[in-house]
Every structure is written in structure tokens, then in C-alpha cells.
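This report refers to the structure that appears directly beneath it.
The values are calculated or read from the model by the stated rules, or taken from the named source; none is laboratory data. As the structure is a prediction and not an experimental result, all values here were calculated from the model. Neighbour counts run over all protein chains shown; Cβ positions are idealised from the backbone, glycine included. These accessible areas exclude ligands, DNA and RNA; they are computed on the full protein's heavy atoms, side chains included. Shrake-Rupley method; radii C 1.70, N 1.55, O 1.52, S 1.80 Å.
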Amino acid sequence: MKTLLKSGKIVDGSGTEPYFADILIEDDRIKKIAPNIEDDAERIIDCAGLVVSPGFIDMHSHNDWFAPRENNHRFFVPFLEQGITTQVTGNCCACPFGYDRDSKYRDLIGSGIMDITKIKEDTSTLPAFAAAIKNLPVNMVPLYGHESARISVAGYDSRELTEEELKHTEEILEQALIDGAAGLSFGLMYEPDRYAPYEELRRAAAICAKHGKILTIHGRANSAVSTSYNPPVGGRAHNLRAIDEMERLARDTGVKLQHSHLIFVGKKSWKTVDEAISIIKRLNDEGLDFKYDSYSLTFGASVLTVVLPAWYLTLPKEKRNRGFAKLRLAFEIGLTKRVLGFNFNDIMMTWVAEGQEALIGKTVAQLAKEWGVSDLDAYTRLVDLSEGRGLVLMHRYLTDEIILRLMRDENCYFMTDAWIEEQGMQNPSCFIGFPRFFMLARENNIPLKGIVHRMTGMAAERFMISERGALKEGYFADITVFDEKTIGPGSLDESRPQGISLVLVNGEIVVENGKFTGKGDAGHLLLKK
């Protein structure tokens, strides 16, 4: 099957100047790029006035959780329609493979971010996960999430693992890397990774480095003060301490490190932006391979319990509402809020539980007012109602000014960190995450060639994705065609981007005239052995 894209403005993903040419695609590869190609291709598509670029690569996704599901198209279509052809999954410590098949803790895997019980097939190994995938709409690059191994042997226990348990987790994660996982991920804000002592993390990072693969880390704190450190306020900004911890791992092991979603939660954290960027620049200047990714939106999705201190989460439920525990929690969160510039009106519920749909779309502060209770009491009630599985949108992550500052930084990559919820409210990043980068670039005179490079060629090089991320003869035909004058978010009612006309995955047209064509099996699982 041949497809000929005619007269497009080629932005090839390398960061070089655009040029005008035709692209001839044969089956799943780019056969020829040249002006005025004459060929009797079955499909000839006029791209005059449009940009032809490599398909976008989403550096931080969680769509591996939906890949083995029946009728999985709906989880992937919004990403295809915003021009994404490849997603790097398994971030923030969570992936749906790499655990003991007979583990009594299997149902806990997902750390509250995702739910493995929705996957019916065995996915205990990466080969089993690959076999469970029947149709894959996008290309997928899987990371191995560290929590899968830790939960497999100890559930959510906050204790230090025994040497025997530790060696077993290392056997599991190393096998996942041998089987083709592109790297390893930590989620140091989530259970149970938040309980792992430094030596456990160092040993896991060293295994990742031994295999020449990347380590991605959701840091212990994304704000200047947090409940992740004790005391929760005072001293060096906590988000900078989190970067210090990552630096230590990189120095001690030599691992290639990716800071997941560099964000600055709360107004008081915004003054740390320049220092965080400067630290990362210095580390690269000193020879460490240390980069980061970020959003195009000022908020992001998380779990309700992410702001709770570790000591509270480890208490038995019957002790959480006792006097001293409640007073301590109120003191720590109250102090954190005042110092941080972040409040319960910045936490919006997107899902609580069956029968609680009326709570969706409301902030914790709004619900506290409706219930006639304090903000903290409303918050802990929501934790109980959701059994700790409530989902939220957290606001004041960033400002547009900070997003632009990061977009101009040479160490920044782009991502969505979004997934389609089966119930409740959706995260707009599912629909407009990448188009909004283009809108911001257009409005602030950031060159198109650089924006495309970050989300294609740079991303492919970062995760060692071969023969993708660039428009080159012989490369796979992952291609996005768009109007550079209009690409951006559509109206909120439509929940759909504008300006994207055509998307191809491995030579198959999956989006045409901005809409999914129904071709939902064009993607490949890209393993790195």
C-alpha cells in the first residue's frame, strides 16, 4: 500500500529549518522524500498549506494500563487526535506487569493511580503483558514501575524489606529490563515507593544503569513545603530537596535520569523555578545525564491521598480519627497550606466512588461548605468515602509564564501525564495537551522547528526509540499533519483539539480530517532488548 503526501511544509523533527517536499510512504515506512514525486500511489493527499511532521511522542503516559483491555480504542483515540503516535508508559512507579503471579497483593498494584483488577489476563511478566495486548492503537514504549515488584512481595507495608525480599524485587525488575522495558520508574510520592529507603532505591537504579536504560522519577515533593519531609516546613525548599535526592542517585549509580513532570505546586513554590532549572543545567554541565518533562496546562491529575503524610497513611484506619492523630494532621496540613499558597479550593474531585457522582467537579472547599464541616474534615471524609482511591485535578501546578520558561529550556521535554477515566470527569490534557504547546509557542514567537524537535526527535533519542521521531527515508511512517496557524485547544465543550488534519501510525491513517478513522490496531509495542 502506497500513500503520497504532496506539497507539505516538512518539519522533520531534527530541529533544522523547514522545507517543502512530498513524502512517499510504502506500507509502514517512508520510501522517499523529495519535491514533485510522481507515483501511482493508492492514496494521494494534498498537504499544501500544512505542516508535515513526525508523529508526536508523549514522554509520560499511563496508557499501558488500558492496552490489554477489551475495546480499548476509547482510551487512546483522544491522544491520536492530538497528533500523538507513540507513548512512553509505566511512569510514576506504576506499570501493570512484573510481579509474582501468585502474589496475594496483586490487586494493590497500581498504587491507587490505576486498577489492575480491570485487566483479566495474566500480565505478571513483560512477555505475558505483550501477549495480552490484542489491539494497540499507538506505539508504546514501556518502562518498568518499581512499585509492582515491591507490592508483589510486601504490599503497602512501610517497613524496610528484608535482604531476601529485596533480592527478589531486584530479580523481578531486572528480568523486566532484560525482556525489553525501556527503563525503570520510581514514584516517591506514592505508596509503597515513598517508604523505600535510599539504599533500596540506589540498588534498583544501579541495575537500571547496568543495563544502560533510563530512570524516571516522580519526586518526593513538587512544592516548596510538603508533608513528605519531617518537619513539613522549614529549611531548604522541599521540591529542591527532591531534586537533590535524584542527583545523589545519578551520581552514585551513573544512571540516565528523567525528572518526571517538573512542576511547582502552590504560589510560594513558584520562586524556586529559576533555581530548579539552574540545578539541572549545572548537573548536565558536570556530565550527568539529567533531564525533565513538563505539562502545557497549569494543573494535573493525581490521587486524593498524595498530599497526606506518610505517618498518617501507615496508621490503621481506626486510629486515624483519634484525637492526637487528627490534631497532628490538622497542624501539619494547616501549616503547609499557609506557607505554600495552596489550599483545598485547589483540589477538584474527578472521581470518588459509585453512588457519589454528585461530588464530581467540586473542590474540597466547596464540599466542606455544603457539608458544614471544616476543609480538613471534608478532605478526610473524601479519603474514607473513596477508600483512598479518590481522583483529583490539582491546580496551581504552574502558570503560563512558568510553562513558557520551561518550554524555552534546553533540558525540557513534553508530555501529557493523562488518561481517560472510565467514570467521572476527564483531564483536558487527554485532548489538548500537545496542541496547547503549539498555541503557546505561536503566541510567544517560539520557533516551530524547536517545538516539533522536542516532541519528536529529541524524545526518540532520549528513550532510544529507533527509526522514529524523524522524517527520514527508511524510517517508520509515524506522521502528523497540521495547520500551524490554527493548531491548539478547541472549545471546552468539544473536548477536541483543532488544526490537526491527518495522523499516520506505521503508515496507517488513524486520524483523517481531525477524527479517528476506526483503525485501532496500527501501533506496536516497542521493546528495547
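Residue-by-condition table, conditions (1) at negative phi; (2) of a type outside the set (Asp, Glu); (3) modelled with pLDDT of 90 or more; (4) under 24 Å from the mean Cα position of the chain (by Cα):
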| site | (1), (2), (3), (4) |
| --- | --- |
| Ser302 | yes, yes, no, yes |
| Trp311 | yes, yes, no, no |
| Glu318 | yes, no, no, no |
| Leu329 | yes, yes, no, no |
Exercise. Considering (1) within 30 Å of Gly183 (Cα to Cα); (2) touching a residue at least 12 places away in the same chain (Cβ under 8 Å), say which one Trp270 fails and leave the rest.
Key: (1)
Quiz item: Does Asp400 count as closer than 25 Å to Trp270 by Cα and either without any contact (Cβ under 8 Å) to a residue 12 or more places away in the chain or open to solvent by 10 Å² or more (accessible area, probe 1.4 Å) (or both)?
Solution: yes
Quiz item: Consider Asn71 against the criteria (1) at pLDDT below 95; (2) touching a helix residue (DSSP H, G or I) at 6+ places or on another chain (Cβ under 9 Å); (3) open to solvent by 10 Å² or more (accessible area, probe 1.4 Å); (4) under 19 Å from Ile420 (Cα atoms): it satisfies all of them except one. Which criterion is unmet?
Solution: (2)
Quiz item: Residue check, Val225 against (1) open to solvent by 30 Å² or more (accessible area, probe 1.4 Å); (2) at pLDDT below 95, all met but one. Which one?
Solution: (1)
Self-check item: Which numbered condition Asp193 fails, given (1) among the acidic types (Asp, Glu); (2) open to solvent by 10 Å² or more (accessible area, probe 1.4 Å); (3) under 21 Å from Leu304 (Cβ atoms)
Solution: (2)
Quiz item: For the stretch 439-491, what are the residues that are under 26 Å from Phe290 (Cβ atoms) and aliphatic (A, V, I, L, M)?
Solution: Leu440, Ala441, Ile446, Ile451, Val452, Met455, Met458, Ala459, Ala460, Met464, Ile465, Ala470
Quiz item: How do the strands (runs of 3 or more DSSP E) wholly within the stretch 1-55 filter down when requiring 2 or more residues that are among the charged types (D, E, K, R): which remain?
Solution: 2-10, 19-26, 29-34, 43-46
Quiz item: Of all residues in the stretch 139-179 being open to solvent by less than 60 Å² (accessible area, probe 1.4 Å) and of a type in the set (Asp, Glu), which is farthest from Asp521 (Cα to Cα)?
Solution: Glu165
Exercise. Would you kindly identify the helices (runs of 4 or more DSSP H) lying entirely within the stretch 295-375 that contain at least 1 residues that are in contact (Cβ under 8 Å) with a residue 40 or more places away in the chain and within 20 Å of Arg389 (Cβ to Cβ)?
Key: 310-313, 317-320, 323-340
Quiz prompt | Residues located in the stretch 259-296, provided they are out of contact with any strand residue (DSSP E or B) (no Cβ under 7 Å at 6 or more places or on another chain) and basic (Lys, Arg) | solution = Lys267, Lys268, Lys271, Lys281, Arg282
Quiz item: Which pairs have Cβ atoms under 9 Å, sit 6 or more apart or on different chains, and link a residue in the stretch 412-428 that is over 12 Å from Ile84 (Cβ atoms) and open to solvent by less than 20 Å² (accessible area, probe 1.4 Å) to one that is at pLDDT below 90 and small (Gly, Ala, Ser)?
Solution: Asp417/Gly300; Asp417/Ala301; Trp419/Ala301; Asn427/Gly300; Asn427/Ala301
Quiz item: Within the stretch 437-461, can you find the residues that are open to solvent by 10 Å² or more (accessible area, probe 1.4 Å) and closer than 27 Å to Gly183 by Cβ?
Solution: Gly450, His453, Arg454, Gly457, Met458, Glu461
Quiz prompt | Matching residues in the stretch 115-166 - criterion: being over 23 Å from Ile214 (Cα atoms) and among the hydroxyl-bearing types (Ser, Thr, Tyr) | solution = Thr117, Tyr156, Ser158, Thr162
Exercise. For Leu367, work out the one condition from (1) aliphatic (A, V, I, L, M); (2) more than 21 Å from Ala221 (Cβ to Cβ); (3) open to solvent by 10 Å² or more (accessible area, probe 1.4 Å) it doesn't fulfil.
Key: (3)
Exercise. Check Asp64 against each of (1) farther than 20 Å from Glu508 by Cα; (2) part of a loop (DSSP other than H, G, I, E, B) and name the one condition it does not meet.
Key: (2)
Exercise. Could you tell me which numbered condition Leu262 fails, if it satisfies all but one of (1) in a helix (DSSP H, G or I); (2) open to solvent by less than 10 Å² (accessible area, probe 1.4 Å); (3) not hydroxyl-bearing (Ser, Thr, Tyr)?
Key: (1)
